[in-house]
1. Determine which member of the set S99, S124 is under 18 Å from A60 (Cα atoms), of a type in the set (S, T, N, Q) and crowded, with 19+ Cβ neighbours inside 10 Å.
2. Restricting region 298-343 to residues that are among the polar types (S, T, N, Q) and modelled with pLDDT of 95 or more, which is nearest to I244 (Cα to Cα)?
3. Would you check which residues across region 271-281 are crowded, with 24+ Cβ neighbours inside 10 Å and of a type outside the set (K, R) and list them?
4. When only residues in region 153-169 that are part of a strand (DSSP E or B) and of a type in the set (S, T, N, Q) count, which is surrounded by the fewest Cβ atoms within 10 Å (Cβ to Cβ)?
5. Give the residues of region 235-278 that are of a type in the set (G, A, S) and either over 21 Å from M408 (Cα atoms) or part of a loop (DSSP other than H, G, I, E, B) (or both), sorted by residue number.
6. Just one of (1) more than 28 Å from V198 (Cβ to Cβ); (2) hydrophobic (A, V, I, L, M, F, W, C); (3) surrounded by fewer than 24 Cβ atoms within 10 Å (Cβ to Cβ) trips up L18, so point out which.
7. Would you mind finding the one in G227, G237 that is small (G, A, S), surrounded by fewer than 19 Cβ atoms within 10 Å (Cβ to Cβ) and at pLDDT below 95?
8. Sort through N135, N84 and tell me the only one that's assigned by TED's automatic domain parsing to the domain that holds V40 and either β-branched (V, I, T) or within 22 Å of R205 (Cα to Cα) (or both).
Amino acid sequence: MTHGETKVPAKAAPSQNLTGLISVPGDKSISHRALLLGGVAKGQTCITGLLESDDVLNTAKAVAALGATVSRDGSDWLVYGTGNGLLLKPEGDLDFGNSGTGVRLAMGLVAPYNFEVRFIGDASLSSRPMGRILNPLREMGLQVRQNSESHGKPDQLPLSIQGAHHMAPITYRVPMPSAQVKSAVLLAGLNIPGITTVVEPVMTRDHTERMLQGFGAEINIETDDDGARHISIKGQGELSGQNITVPGDPSSASFAIVAGLIVPGSDITLENILLNPSRTGLFTTLAEMGANLTIQNERESGGEKIGNIRVKTSSLKGITVPADRAPSMIDEYPVLAVAAGFAQGETKMLGLDELRVKECDRLAVTAEGLKKNGVDCEEQGNSLIVRGTGSVNGNGFVETHLDHRIAMSFLIMGLAAENPVSVDDTTMIATSFPEFLDLMRGLGADIEQN
């Protein structure tokens with residue numbers, strides 16, 4: 001089903017005493033990367049805890065279409081890779097549905113191959129920009145052909161790409177904080193002779209670098225005097241299949257965490273959550289706002305920090321969230337904005353330009369949803385100012401614009417507002433968090449679909 005064809009609205013009503021010990025689905029970013037790198041590794045990759053969302057399953061289908069064997073074995077996923085440099089031309093289009101991460105990383109992975117691959121997606125994905133990914137790949141020699149269905153819009157799906165006979169490594173300074181751009185260039189460099197380098201002035205989530213090292217790629221990471229990271233990969237090396245356990249997704253965990261902080265009488269523990277420092281900006285921010293949030297049983301698994309997070313109902317206060325924190329929590333700003341509505345005082349969220357190019361203009365849509373529920377807020381350029389009063393009236397109807405994080409964030413708002421909050425659609429939640437509704441109801445949340 002194409003998201004938006006048959007909408008399923010939902011309403012969240014005021015609730016109390018959300019309690020329980022829960023596990024959230026596996027991390028989305030790590031799930032995508034495990035499938036893609038398993039697809040070009042030699043031998044078997046076994047993935048435990050893969051996020052079985054629409055987005056990730058579309059990446060699994062694409063990896064299989066490129067020549068790898070992908071299967072489910074009980075709760076595990078097995079990928080028998082082709083070996084680096086041995087992907088095959090797919091027989092049809094690669095359909096990534098709503099997944100920006102999947103399509104952008106896959107473009108980098110297949111860029112060096114001298115065959116044509118056509119990428120398509122749903123209406124939301126087809127409206128999102130791909131130029132930031134395609135431009136550095138063009139510098140390497142990639143050819144891009146815009147398809148007529150794009151109605152003349154440059155670098156949007158559907159489009160076809162084809163590598164040249166002789167692709168060249170590059171040194172590319174990422175012009176904006178983007179893990180997707182960085183990852184696409186590094187994945188392209190996997191199969192290009194020589195050294196490909198990405199210069200990252202502001203650190204973004206580093207799962208690609210960590211996982212490439214785990215699979216056996218030759219990677220070197222240095223930090224210069226200005227604090228920029230120089231990540232270099234030697235092309236055409238051999239990757240070996242790995243056993244990967246995917247920790248709980250901190251972005252998915254954010255919804256239950258915020259609910260636990262703003263719904264009266266709540267006490268929630270989330271287990272085995274990824275605590276990679278490049279992903280914990282929300283936890284830092286909530287702690288600064290006065291959240292009763294503690295990390296328990298912190299440990300390391302598969303090169304990543306994980307731990308349990310316990311939250312209890314808290315009195316939050318407004319703060320200023322610095323722009324340099326945005327890369328570590330870019331997906332969490334909608335639900336942070338909801339928390340800010342329940343805080344006392346003004347919360348300033350700075351440097352949110354990346355929110356403009358997500359599934360929708362998340363900055364504008366978040367502000368619109370807040371206002372519909374009686375929250376005083378405004379956009380100031382690429383910043384969002386929320387003036388909280390400690391309570392939220394609610395009673396609003398929020399248009400989600402096919403964005404799963406908008407839908408989930410405003411359902412969380414409805415659990416603590418004075419009146420219910422409704423959203424126009426919940427079908428797209430399956431792109432990242434299929435268990436969201438059942439999990440929240442299991443904690444005691446009053447959410448009804450209609």
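1. S99
2. Among residues in region 298-343 that are among the polar types (S, T, N, Q) and modelled with pLDDT of 95 or more, the one nearest to I244 (Cα to Cα) is N308.
3. Looking only at region 271-281, we keep the residues that are crowded, with 24+ Cβ neighbours inside 10 Å, and these are 273-274, 279.
Correct list: I273, L274.
4. As a first pass, look at region 153-169 and keep what is part of a strand (DSSP E or B): 159-162.
From what is left, the residues that are of a type in the set (S, T, N, Q) are 160, 162.
Working: S160: 15, Q162: 18.
Going through the qualifying residues, I end up with S160.
5. Narrowing region 235-278 to residues of a type in the set (G, A, S): 235, 237, 240-241, 248, 251-254, 256, 259-260, 265-266, 278.
G235, G237, S240, G241, G265, S266, S278 - these are the residues of region 235-278 that are of a type in the set (G, A, S) and either over 21 Å from M408 (Cα atoms) or part of a loop (DSSP other than H, G, I, E, B) (or both).
6. Of everything listed in (1) more than 28 Å from V198 (Cβ to Cβ); (2) hydrophobic (A, V, I, L, M, F, W, C); (3) surrounded by fewer than 24 Cβ atoms within 10 Å (Cβ to Cβ), L18 misses just condition (3).
7. G227
8. On the way: N84 fails: either β-branched (V, I, T) or within 22 Å of R205 (Cα to Cα) (or both).
Checking each option against the conditions leaves just N135.
The values are calculated or read from the model by the stated rules, or taken from the named source; none is laboratory data. If you're wondering where the values come from, they're calculated on a predicted model, not measured in any experiment. Cβ atoms come from the backbone with ideal geometry, glycine included; neighbour counts cover every protein chain shown.
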